[in-house]
Amino acid sequence: MINTCFKIPRRPFLPLACLLLAVGCGTPATRPARPNAPEAQALADLQAQQYAAAAAEFQRLAEVNTDRPARALMYRLRAVAAWLQGGSVDTATSLLNQLTVPAGDAAADYYRRVLQARIALHNGQPAAAAGLLPTAPPAAAPPFVQRDRLQVLAAIREAQEDYIAAARARMQLAQYLEGGDAVQDNRGRIWKDLNAADTASLQAVAAGSGSTLAGWIELALINKTLLFQPEQLRQAVAQWRGLYPQHPANPRIVTQMLDQAASLNKRPANIALLLPFDGPYKQASEAIREGFLAAWYAAAGNYQPVIRIYNAATLNILDTYRQAVADGADFVVGPLEKNAIRTLVQAGAIKVDTLALNRLEKEGSGEFGAGSGGGPRLYQFALAPEDEVHQVAARARTKGYRRALVITPDNDWGARLSSTFAGDWREDGGSVLDAITFKPDSQDFITPVKRLLNIDSSDARISRLRHVLSRNIIGSRRRRQDADFIYMAAAPLNGRQIVPQFRYFRVKDLPIYSTSQVYTGHPEPQLDADMDGVEFTDIPWVLRPPDQRPPIQISLENDWQSQDSPYRRLYAFGVDAFRLITRLGHMSVQPDYSYAGQTGALTAGADGRIHRQLRWARFVDGRPELLPTGDSAGGGG
């Protein structure tokens with residue numbers, strides 16, 4: 001059933017004394033008297049997450065134990081640990097640097113190295129942390145030292161994406177934990193680590209039947225392979241419970257897994273499609289709508305929820321979204337405009353799972369992954385050119401290139417792409433030798449090309465020689481030889497004029513990479529012949545040979561002439577928007593799950609963003625020729 005809400009057309013560091021004074025002044029006057037046990041107050045402060053108070057208490061204990069230097073030193077180290085727990089890394093580092101560990105105090109030296117490793121980890125240096133971390137504690141080391149070592153070890157392995165090793169460390173950590181909350185939190189982290197590991201790695205380290213580790217791994221494999229097969233999942237879990245009745249994953253982790261499976265396998269029954277059908281987005285919205293509805297029709301009896309379509313723009317988005325939810329929508333697709341998405345987020349209006357058809361820049365916390373604690377989620381799906389730029393950089397890296405030349409249009413779009421490429425390329429050690437812009441409406445494309453290739457310098461050299469020698473000498477133009485490749489962002493009309501200039505200056509040996517904007521989306525061999533050799537990314541819908549087009553694409557081309565529309569890629573975008581609805585749950589909990597969509601291979605990030613892996617093609621005789629899939633590899637956006 002399809003309903004519509006309007007008529008549709010046909011279709012610090014402080015000195016130590018000051019630091020302690022600051023802590024003392026901040027201590028509430030109503031703080032209860034210290035318990036008799038020397039460390040009880042500090043431990044209570046830690047449990048209450050009063051880390052500054054705990055650090056001050058450990059420091060006080062150090063002062064009253066000056067006649068026992070080894071004990072006093074350990075208390076000072078524990079004060080450092082308390083500051084670290086509270087996130088005060090600079091303070092902890094300064095205090096730790098003031099401490100001297102005497103030779104022979106193996107326990108204190110061991111703990112100092114553990115804390116140094118934790119600081120390195122806090123500073124984003126997992127490899128350095130791993131090098132600092134001791135392997136096994138000395139016999140004199142108290143249990144909390146081993147506990148802290150295992151916590152740091154697990155965090156290092158997680159940062160290195162060695163999730164099975166992290167889970168093993170956390171399983172050892174369990175024997176040093178006290179209190180139900182700490183134990184349950186650790187079990188939850190073991191579960192999270194094992195589910196982050198890939199299936200092949202889990203199968204490769206499966207332990208002997210009956211062990212606790214085996215139970216964890218078998219349960220994780222059940223979860224990863226049967227999460228979206230509810231009946232088989234319940235049967236497998238029942239068998240697992242029979243084999244591991246006393247396993248620490250019982251009952252909380254198992255119950256959570258079953259609840260999650262039930263939630264993820266729900267299919268929305270009422271969907272609201274929110275698009276701006278007035279103003280500058282009218283034609284784009286119509287193309288998305290037709291692709292969306294074509295996918296609904298093609299689903300036939302398999303999955304056809306009620307669809308209600310709303311005319312939604314930035315100015316009315318809050319009222320329209322709320323009306324859609326009031327009308328029974330349990331899933332919303334849209335809005336399309338960035339400002340409309342931002343308005344919803346800032347107003348806290350996301351009340352049901354929502355697939356926005358655009359993407360916000362990361363402007364701060366709270367905008368992405370809404371509802372990650374179990375509530376409604378905001379997913380963001382866009383045909384963002386930045387995704388393609390990332391893949392250009394990744395492709396160049398796989399070729400071993402390090403030095404790039406960049407040419408982009410002199411407008412906001414070109415500036416975005418140039419900045420994105422430069423940031424991505426330099427982050428991995430590459431260099432941008434030069435970045436030039438051109439005027440899209442100009443007839444002069446030889447000037448920016450000459451500047452990019454340093455032809456101007458060559459011409460100036462010849463001119464100087466003529467002047468000095470007072471004769472009409474014949475010079476040979478020489479372009480720069482220090483570049484590995486060119487990244488060009490250009491619309492078809494501009495690309496057809498720029499590339500011949502490169503060829504004129506004999507740049508045949510310099511690869512030119514571009515993105516989908518360089519191709520109209522349908523073959524025009526006579527016009528694109530001058531772009532032979534240029535490699536670019538694009539979506540499968542556009543690059544797929546005619547004899548490999550799926551029925552839904554053929555239908556849209558026959559009924560809507562989508563292949564001739566400047567919005568042809570948005571028809572595919574609409575198709576994927578519908579088909580993602582039942583796959584988002586799977587994608588959100590299994591990051592390695594990829595859906596082969598019409599706009600690329602789609603995956604979901606933890607922040608709710610949908611990433612696209614596109615195909616690569618090369619102009620040959622004016623036509624795009626698909627490159628082998630293996631040759632198309634190169635990072636997601």
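Is it the case that Val306 is in the same structural domain as Leu344 (by TED's automatic domain parsing), under 27 Å from Pro550 (Cα atoms) and within 29 Å of the chain's Cα centre (by Cα)? For Val306, the condition - in the same structural domain as Leu344 (by TED's automatic domain parsing), under 27 Å from Pro550 (Cα atoms) and within 29 Å of the chain's Cα centre (by Cα) - is not met.
I'd like to check something: does the range 200-217 contain any residue that is surrounded by fewer than 16 Cβ atoms within 10 Å (Cβ to Cβ), within 26 Å of Arg118 (Cβ to Cβ) and more than 22 Å from the chain's Cα centre (by Cα)? Checking the range 200-217: not a single residue is surrounded by fewer than 16 Cβ atoms within 10 Å (Cβ to Cβ), within 26 Å of Arg118 (Cβ to Cβ) and more than 22 Å from the chain's Cα centre (by Cα). Counting only strands (runs of 3 or more DSSP E) that sit wholly inside the range 373-474, those with at least 1 residues that are modelled with pLDDT of 90 or more, more than 27 Å from the chain's Cα centre (by Cα) and of a type in the set (Ser, Thr, Tyr) are 431-438. Within the range 413-441, residues that are closer than 17 Å to Val499 by Cα reach partners that are modelled with pLDDT of 95 or more and charged (D, E, K, R) with beta carbons closer than 6 Å, at six or more positions or on different chains, in the pairs Thr437/Asp410; Lys439/Asp410.
So, Tyr163, is that one closer than 30 Å to Thr582 by Cα, modelled with pLDDT of 85 or more and hydroxyl-bearing (Ser, Thr, Tyr) or not?
Numbers: closer than 30 Å to Thr582 by Cα: yes; modelled with pLDDT of 85 or more: yes; hydroxyl-bearing (Ser, Thr, Tyr): yes.
Against the criterion (closer than 30 Å to Thr582 by Cα, modelled with pLDDT of 85 or more and hydroxyl-bearing (Ser, Thr, Tyr)), Tyr163 qualifies.
Assessment of the range 58-67 against the conditions (under 34 Å from the mean Cα position of the chain (by Cα), in a helix (DSSP H, G or I), of a type outside the set (A, V, I, L, M, F, W, C) and at pLDDT 90 or above) yields no matching residue. Of the helices (runs of 4 or more DSSP H) lying entirely inside the range 80-165, the ones with 1 or more residues being in contact with a Phe, Trp or Tyr (Cβ under 9 Å, 6 or more places away or on another chain) and among the polar types (S, T, N, Q) are found at 89-98, 143-159. Consider Pro591 carefully, then state whether it is touching a Ser or Thr at 6+ places or on another chain (Cβ under 9 Å) and at pLDDT below 85. Considered against the rule, which asks whether it is touching a Ser or Thr at 6+ places or on another chain (Cβ under 9 Å) and at pLDDT below 85, Pro591 comes out as yes. With Ala140, Ala103, Ala120, Ala136 as the choices, which residue is among the small types (Gly, Ala, Ser) and at pLDDT 90 or above? Step by step, each of Ala140, Ala103, Ala120, Ala136 is checked, and only Ala120 is among the small types (Gly, Ala, Ser) and at pLDDT 90 or above.
Here Leu227 fulfils each of the conditions (1) modelled with pLDDT of 90 or more; (2) surrounded by 13 or more Cβ atoms within 10 Å (Cβ to Cβ) apart from (1). Residues being more than 25 Å from the chain's Cα centre (by Cα), outside any helix (DSSP H, G or I) and surrounded by 15 or more Cβ atoms within 10 Å (Cβ to Cβ) are represented in the range 176-190 by at least one member.
For Gly242, the test of being surrounded by 13 or more Cβ atoms within 10 Å (Cβ to Cβ), assigned to a helix (DSSP H, G or I) and more than 28 Å from the chain's Cα centre (by Cα) is failed.
All of Asp509, Asp484 fail the test of being surrounded by fewer than 18 Cβ atoms within 10 Å (Cβ to Cβ) and within 30 Å of the chain's Cα centre (by Cα), apart from Asp484. Using the structure shown, decide if Val306 is within 13 Å of Ala269 (Cα to Cα) and in contact with a Ser or Thr (Cβ under 9 Å, 6 or more places away or on another chain). So Val306 does not fit the description; no.
Scanning the range 538-555 for any residue that is crowded, with 16+ Cβ neighbours inside 10 Å and among the hydroxyl-bearing types (Ser, Thr, Tyr) turns up nothing.
Restricting attention to the range 93-140, the residues being crowded, with 16+ Cβ neighbours inside 10 Å and of a type in the set (Ser, Thr, Tyr) number 4. Against the conditions (1) out of contact with any Leu (no Cβ under 9 Å at 6 or more places or on another chain); (2) of a type in the set (Ser, Thr, Tyr); (3) at pLDDT below 90; (4) within 22 Å of Ser588 (Cα to Cα), Ser211 satisfies every one except (4). Within the range 556-591, the set of residues being closer than 30 Å to Ala220 by Cβ and either over 24 Å from the mean Cα position of the chain (by Cα) or among the hydroxyl-bearing types (Ser, Thr, Tyr) (or both) comprises Thr582, Ser588.
The values are calculated or read from the model by the stated rules, or taken from the named source; none is laboratory data. Note that the structure is predicted; figures quoted are calculated from it, not measured. With ideal geometry, Cβ positions are generated from the backbone for all residues, glycine too; neighbour counts draw on all protein chains shown.
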